[in-house]
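S.K.: Handing you a structure now.
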């Protein structure tokens with residue numbers, strides 16, 4: 001288990017010595033602390049969270065490897081399990097588990113999350129506004145992860161535009177595998193943004209005292225609005241991708257239909273030839289032209305004339321368009 005320990009001091013985030021367990025000092029005397037935990041086993045987490053005296057349901061959610069998006073508020077503690085868009089090609093998103101019980105903030109993650117690393121560096125380098133409370137860090141974390149989802153949505157929108165242009169220019173250049181993968185990424189992002197919106201809405205509905213101040217509520221409402229806009233955008237994008245998929249299927253159906261039409265025309269042209277060949281090939285007497293030296297040429301000419309007439313007829317009727 002790796003524990004990164006930070007203190008809020010003079011409005012800034014100050015990194016503390018690396019620890020492997022809860023600090024020996026009284027946490028209330030240290031000031032507001034942020035413990036960022038990576039790669040912890042359930043038993044290590046249980047031992048570390050014990051001093052916070054969290055509700056058993058919260059403890060169970062923290063230890064459960066199958067994350068469920070949502071918010072739990074009990075007494076002074078808040079538990080938030082927030083999904084992050086790190087890789088849209090994987091089935092399950094990564095989750096950041098956040099436990100807030102002043103004066104301690106605990107974040108639990110299974111591995112590195114670049115957005116958190118960058119946020120820590122920015123807070124330590126005084127590139128962010130002055131920190132006045134732990135809930136502000138929670139806002140910033142959610143905002144960073146939300147921005148990743150919006151960035152992923154923008155990337156998929158650009159991919160969709162490229163596929164739409166390729167489909168309009170030359171449908172043969174579009175691969176069905178690419179379209180299927182694009183639909184899969186959109187479907188996953190739809191689920192991800194909906195889960196994030198569900199989490200932020202739950203945070204906004206929480207009656208926890210740490211969230212009661214108006215300016216804090218305003219920040220959460222801003223996150224809700226941002227995710228609602230992203231949700232509407234990804235649903236529009238989903239419609240566009242489904243439309244592209246349908247267009248590709250239509251183009252494929254038209255291609256098959258054209259090939260079948262050509263085969264039908266060829267069959268219709270050769271049908272009289274088969275009839276003539278069948279009649280002249282009967283092993284009976286009295287067949288016309290059997291004694292004529294030019295009979296073969298006459299029959300071939302007749303077949304050719306019939307074929308040309310049929311071809312001109314089909315072309316005039318628009319069957320060859």
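S.K.: Which one of these does residue 125 not meet: (1) modelled with pLDDT under 85; (2) buried (at least 19 other Cβ atoms within 10 Å of the Cβ)?
M.R.: All conditions are met except number (2).
S.K.: Just to be sure before I move on: is residue 260 more than 30 Å from residue 168 (Cβ to Cβ) and either assigned to a helix (DSSP H, G or I) or touching a helix residue (DSSP H, G or I) at 6+ places or on another chain (Cβ under 9 Å) (or both) in the structure I sent?
M.R.: No: the conditions fail for residue 260.
S.K.: Sticking with this one: Can you tell me how many residues in segment 230-272 are surrounded by fewer than 12 Cβ atoms within 10 Å (Cβ to Cβ) and closer than 30 Å to residue 150 by Cα?
M.R.: The qualifying residues number 4.
S.K.: Between a first residue in segment 139-151 that is without any contact (Cβ under 8 Å) to a residue 24 or more places away in the chain and a second residue that is part of a helix (DSSP H, G or I), which pairs have beta carbons less than 9 Å apart while being 6 or more apart in sequence or on different chains?
M.R.: 140/119; 140/122; 140/123
S.K.: Let me ask you something else. Of the conditions (1) surrounded by 11 or more Cβ atoms within 10 Å (Cβ to Cβ); (2) closer than 30 Å to residue 167 by Cβ, residue 299 clears all except one; give me its number.
M.R.: (2)
S.K.: Also, I was wondering about something else. Restricting attention to segment 292-316, which residues are farther than 17 Å from residue 266 by Cβ and out of contact with any helix residue (DSSP H, G or I) (no Cβ under 9 Å at 6 or more places or on another chain)?
M.R.: Within segment 292-316, 293, 294, 296, 297, 298, 300, 301, 305, 316 meet the criteria.
S.K.: Step by step: first the residues of segment 38-62, then only those that are under 27 Å from the mean Cα position of the chain (by Cα) and surrounded by fewer than 17 Cβ atoms within 10 Å (Cβ to Cβ), then the one that is modelled with the lowest pLDDT. Which residue is that?
M.R.: By that ranking, first place goes to 39.
S.K.: Another question, if that's okay. Would you mention how many residues in segment 292-321 are in a loop (DSSP other than H, G, I, E, B) and over 59 Å from the mean Cα position of the chain (by Cα)?
M.R.: Counting residues in segment 292-321 that are in a loop (DSSP other than H, G, I, E, B) and over 59 Å from the mean Cα position of the chain (by Cα) gives 3.
S.K.: Going residue by residue through segment 133-143, is there one that turns out to be at negative phi, touching a helix residue (DSSP H, G or I) at 6+ places or on another chain (Cβ under 9 Å), surrounded by 14 or more Cβ atoms within 10 Å (Cβ to Cβ) and not in a helix (DSSP H, G or I)?
M.R.: yes
S.K.: A further question follows. If I filter segment 28-37 down to residues being under 24 Å from residue 140 (Cα atoms) and surrounded by fewer than 17 Cβ atoms within 10 Å (Cβ to Cβ), which single residue comes out as modelled with the highest pLDDT?
M.R.: Once the filter is applied, the top-ranked residue is 31.
S.K.: Out of curiosity, is residue 289 touching a helix residue (DSSP H, G or I) at 6+ places or on another chain (Cβ under 8 Å), over 30 Å from residue 190 (Cβ atoms) and assigned to a loop (DSSP other than H, G, I, E, B)?
M.R.: Here the answer is yes, as residue 289 does meet what is asked.
S.K.: When segment 159-181 is examined, which residues are found to be farther than 24 Å from residue 256 by Cα and in contact (Cβ under 8 Å) with a residue 40 or more places away in the chain?
M.R.: Across segment 159-181, the qualifying residue is only 160.
S.K.: Can you give me the number of residues within segment 151-181 that are buried (at least 18 other Cβ atoms within 10 Å of the Cβ) and farther than 11 Å from residue 248 by Cβ?
M.R.: Number of matching residues: 4.
S.K.: Considering 221, 203, 275, which residue is in a helix (DSSP H, G or I), touching a helix residue (DSSP H, G or I) at 6+ places or on another chain (Cβ under 9 Å) and loosely packed, with under 14 Cβ neighbours inside 10 Å?
M.R.: 221
S.K.: Regarding segment 139-160, can at least one residue be identified that is farther than 22 Å from residue 194 by Cα and either at pLDDT below 80 or in contact with a strand residue (DSSP E or B) (Cβ under 9 Å, 6 or more places away or on another chain) (or both)?
M.R.: No - not one qualifying residue is present in segment 139-160.
The values are calculated or read from the model by the stated rules, or taken from the named source; none is laboratory data. It should be emphasised that the depicted structure is a prediction, and the values quoted were computed from it without experimental measurement. With ideal geometry, Cβ positions are generated from the backbone for all residues, glycine too; neighbour counts draw on all protein chains shown.
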